[in-house]
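**Student:** Take a look at this one; I'll ask things after.
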Amino acid sequence: MKQIINYVKLFTLNKIEYIIVSLLSLAATFSWLKVGYVIANGDSFPFTMINPDKWINQIPFTWNNLFNGGGEPNFQITYIVSVLFSYCLKSMSLPAYLIQFIIYSSLFICQGLSIVYFLKVLFPDHKRSSSIIVGSIFYNFNVFLLYWIPPQVMAMLSMILIPLLGGLLVKAYTTRKNIYIILFSIISILLSGVFVNPPMIVIILIFVLIIIGYLIIQLRRVEIKTLLKIAGLTLLINLFWIIPVYMCLFTQGNTNVSADVSLGGWDWSMVRNSFLNIFWLSTTFGWNELDYYPYSIKYNSIIMLFVFIPTIFVFCINLLKRKVQKIVIYFLTLLVLLFLISKGIHQPFGFIYNLFQKIPGFWLFREPALKFFFIIITIYSILIVKAFETIKINRRDLKIFTSSALILIILAISFPIWNGEAIPDKKPNYPPAHAKIPEYWEDLKCEKLTGKVIVLPNNDFYQMPYTWGMYSADFLSEEIINSEVIKVNNNIEGYTYYSNNYFQATNIVLQVLQGNKLIDFKKAIDNLGVNYLIVRKDIDFDFTDRPIISPYKIEELLKTINGIDYYKSVGEIDIYRNTQPVSAIYANNKANFYKGDFFDNYYLKSISDNGSVFIPYNNMEQNNSFTSEIIINKNDDVFYKFTRK
């Protein structure tokens, strides 16, 4: 018995940093839990966690249309880690809210464990335990993370990968052991889950380069062979998702990049990127919006006296020595550079961000602070440990007091993370961050709706309001309905969107619903291959005067259309069926070539009475093998038709 007790004591002493940080992180996540309710707020939604059965059989394939109904190349394979985790938990008959809690709490704990591992690898001296604990707690509890909580899996994976890959790289570089190269490559599979926000892949790679620079300075040697092994094996292991992503973005029928690449397109997101706000890691553009950050008003109190202490500690303490170490200069220089980039176009020194904009692909960092802060907080953690080395506290009681004081300050300025306010249920105008999904949505899983399903009314924004108390990124239909889901979107959000053909086809449906008599509604949905129509009567279409079409007006239209019949109701969801679908594939007598775009297809089909096919052909006027004629249909729409000689 005594041996067991001694073993436990020894283990506790050796792993004390891991134990303290993981227990503190776990305790914080319990403040996020509300029994029976999922977290659905802002960009956060339990995607793949409500109905993982739908995704498990489809997500491995490069070509599927369960997510967008368009039947085009997609990169849903990048969700494979989340899907597998959710599927395993679902097989235990756990409810969605508990699956979400287990995933979020596990990832949050892993963030803490990763930074502890990284700092212990970087500073192996066991006497640094207290400083490593302080640096690790800062990493998991800081004001910057308030932007990413309610949690997003992509951000949490990034928080895990940055220090974990950094630590494994240091071990591989210094020991030259293949086991660390293999572990680095296997862990890098998690990069697939980060691709939903492509700049974060670049951020992680930048941090890897920073650590390589650190190792070259520290060891004064370049391990080219080791680095090539890491790069080659990592690339090979990750081909399972890199190839589908490449096919999705760069092959026929590809997904398109949608990010606004102009400087003015995202200048509104940098309105708070001043030096002062950067120094306390709070540049979130919506900080003063109480519907998003209701707790922000509390930072106008005594808490503001402490928010700059981490920055003061990192810079001032590390510069106290008469001869500052090269490594400290290296990381402090990087911090200053990252601060200047994170400022974006905010003055002064806004020209620096403009210079970086000339680098190909730098437009991806349209919200620079929200990306580069991932690296900044990691460097802060490193320099916090180095700062303790600088002040050389020899007395054990004084070291404990200093560490405890810093931990209390760090926890005080990040209080919403651990007291539950980061997932607010009381907002002036918006619904709570916790939502209880009605049973009728769960019942919709059992409906066997064969073919494609179009979901109405329109999504005017990627975040949608529901009358039963949810306002978040809207993936509910895709998650619940076990069929190909088509949505009608007013706008394009995110870094990518589906192909032009798909977007234009759904946009025509939207125009018809808005009263534009461009084309018959029945023809519009036939062109999409729709078999069923779902009308969500629980959408809050009056929410903040947004241009959401009333579901009741949509139903009035549907009742007047021949070939579209009411099928059944599931709670507040009405289902209609296309009883006279038109086949998208048919035999033709001849092929006509026309100069136009996808939009013209609808007109051309409407004037085709003999089964002929109209095929787009570019630069027709330069090709002498075609003759052209003008077609004017009954609506006086004019087209140029080209016919092969």
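**Student:** Quick check on the range 86-113: of everything there that is touching a Ser or Thr at 6+ places or on another chain (Cβ under 8 Å) and surrounded by fewer than 22 Cβ atoms within 10 Å (Cβ to Cβ), which residue is farthest from Pro150 (Cα to Cα)?
**Tutor:** Among those that are touching a Ser or Thr at 6+ places or on another chain (Cβ under 8 Å) and surrounded by fewer than 22 Cβ atoms within 10 Å (Cβ to Cβ), it is Leu113.
**Student:** Among the residues of the range 533-568, which ones are open to solvent by 20 Å² or more (accessible area, probe 1.4 Å) and assigned to a strand (DSSP E or B)?
**Tutor:** Residues satisfying the conditions are Asp565, Tyr566, Tyr567, Lys568.
**Student:** Specify which of the listed residues (Ile224, Ile212, Ile187, Ile201) is open to solvent by less than 40 Å² (accessible area, probe 1.4 Å) and without any contact (Cβ under 8 Å) to a residue 40 or more places away in the chain.
**Tutor:** After ruling out the rest, the residue left standing is Ile201.
**Student:** Where residues in the range 30-81 are modelled with pLDDT of 90 or more and assigned to a helix (DSSP H, G or I), which of them is most open to solvent (accessible area, probe 1.4 Å)?
**Tutor:** Ranking the candidates gives Phe30 first.
**Student:** Oh, and also: Against the definition (more than 23 Å from the chain's Cα centre (by Cα) and either at pLDDT below 85 or closer than 30 Å to Ile137 by Cβ (or both)), how does Ala27 come out, yes or no?
**Tutor:** yes
**Student:** For the range 352-365, which residues satisfy the criterion of being within 19 Å of Arg272 (Cβ to Cβ) and open to solvent by 20 Å² or more (accessible area, probe 1.4 Å)?
**Tutor:** Ile352, Asn354
**Student:** Something else now. Would you mind finding the one in Ile525, Ile519 that is of a type outside the set (Gly, Ala, Ser), closer than 16 Å to Ile561 by Cβ and modelled with pLDDT of 80 or more?
**Tutor:** Ile525
**Student:** Here's another thing I want to ask about it. Give just the number: which of (1) within 19 Å of Ala369 (Cα to Cα); (2) open to solvent by 50 Å² or more (accessible area, probe 1.4 Å); (3) of a type outside the set (A, V, I, L, M) does Gln325 not satisfy?
**Tutor:** Failing condition for Gln325: (1).
**Student:** So which residues in the range 569-586 are within 15 Å of Val455 (Cα to Cα) and either in contact (Cβ under 8 Å) with a residue 60 or more places away in the chain or of a type in the set (A, V, I, L, M) (or both), if there are any at all?
**Tutor:** Of everything in the range 569-586, those that are within 15 Å of Val455 (Cα to Cα) and either in contact (Cβ under 8 Å) with a residue 60 or more places away in the chain or of a type in the set (A, V, I, L, M) (or both) turn out to be Val570, Glu572, Ile573, Ile575.
**Student:** For Lys386, are the conditions met, namely being touching a residue at least 12 places away in the same chain (Cβ under 8 Å), open to solvent by 30 Å² or more (accessible area, probe 1.4 Å), in a helix (DSSP H, G or I) and more than 28 Å from Tyr299 (Cα to Cα)?
**Tutor:** Criteria not met by Lys386.
**Student:** Quick check on the range 308-317. Is at least one of its residues in a helix (DSSP H, G or I) and at pLDDT below 90?
**Tutor:** Within the range 308-317, one or more residues are in a helix (DSSP H, G or I) and at pLDDT below 90.
**Student:** Check Ile437, Ile417 and return the single one that is at pLDDT 90 or above, of a type in the set (Val, Ile, Thr) and under 30 Å from Phe313 (Cα atoms).
**Tutor:** The conditions single out Ile417.
**Student:** Hey, another quick one. Which of the residues spanning the range 262-303 are at pLDDT below 90, among the aliphatic types (A, V, I, L, M) and open to solvent by less than 60 Å² (accessible area, probe 1.4 Å)?
**Tutor:** Met270, Ile303
**Student:** Ok, one more. Restricting the search to the range 453-510, which residues are at pLDDT 85 or above and small (Gly, Ala, Ser)?
**Tutor:** Once the filter is applied, which keeps residues that are at pLDDT 85 or above and small (Gly, Ala, Ser), the range 453-510 yields Gly469, Ser472, Ala473, Ser477.
The values are calculated or read from the model by the stated rules, or taken from the named source; none is laboratory data. Just so we're clear, the structure is a prediction, and the values are computed from it rather than from any experiment. Backbone-built Cβ (ideal geometry, glycine too); neighbour counts: all protein chains shown. Quick note on the areas: whole protein, heavy atoms, side chains included, nothing else; ligands and nucleic acids left out. Shrake-Rupley method; radii C 1.70, N 1.55, O 1.52, S 1.80 Å.
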